[in-house]
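This report concerns only the one structure given below.
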Amino acid sequence: MRALVTGALLLGATAANAQPASRTLTYEAVTAHAPSGISRLRLTHIDGDSYAVDLQIVAPNPTRHKGHVQGLATREGDRLLLRAVNFIEGGVVDEPALCTLAIEANDARAQVLGTRHCTGFHGAAASFTEQGRDLVRVP
């Protein structure tokens, strides 16, 4: 899927000097193995090229391993890039390994294209690129 974030996630124009209202787009994996509401991505435009990202996944197998990451993403070209801090045991930051997600989205579909250093955010049988693939926008 080649979707462009550039035009698809921009908010509608507002009157001069008015503060634009934030708009959240929600996408879900809707398959026989991932019923509605199980794996979902929420993107909220904050300001300029900044977006709040909330991605929750559940592996569609008997283990039902879960994953969840949220944070602030920036638009870079046709993608959103989220960089989230990994914490290790005892609340220590696991530097310099930031969890990095690359996401493409439009008004109809979204997908996680790639990740790096994100295993601290999901179970062994879950994957942001697997469960975050082919997400469909829901109202």
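Within the range 40-57, residues that are aromatic (Phe, Trp, Tyr) have Cβ atoms under 6 Å from residues that are open to solvent by 20 Å² or more (accessible area, probe 1.4 Å) in these pairs: Tyr51/His45, counting only partners at least 6 apart in sequence or on another chain.
In summary, strands (runs of 3 or more DSSP E) completely within the range 27-122 and bearing 2 or more residues that are modelled with pLDDT under 85 and over 24 Å from Val136 (Cβ atoms) occur at 79-88, 92-105.
Please pick out the residue among Ala73, Ala102, Ala108, Ala126 that is touching a His at 6+ places or on another chain (Cβ under 6 Å), on the phi < 0 side of the Ramachandran plot and open to solvent by less than 70 Å² (accessible area, probe 1.4 Å).
Ala126
Just wondering, is there one or more residues in the range 58-77 that are of a type in the set (Lys, Arg) and either in contact (Cβ under 8 Å) with a residue 60 or more places away in the chain or touching a Gly at 6+ places or on another chain (Cβ under 7 Å) (or both)? Yes, the range 58-77 contains at least one residue that is of a type in the set (Lys, Arg) and either in contact (Cβ under 8 Å) with a residue 60 or more places away in the chain or touching a Gly at 6+ places or on another chain (Cβ under 7 Å) (or both).
The values are calculated or read from the model by the stated rules, or taken from the named source; none is laboratory data. Quantities reported herein were computed from a predicted structural model and do not represent experimental measurements. With ideal geometry, Cβ positions are generated from the backbone for all residues, glycine too; neighbour counts draw on all protein chains shown. Each accessible area value is taken on the protein alone, full model and side chains, heavy atoms only, with ligands, DNA and RNA left out. Shrake-Rupley method; radii C 1.70, N 1.55, O 1.52, S 1.80 Å.
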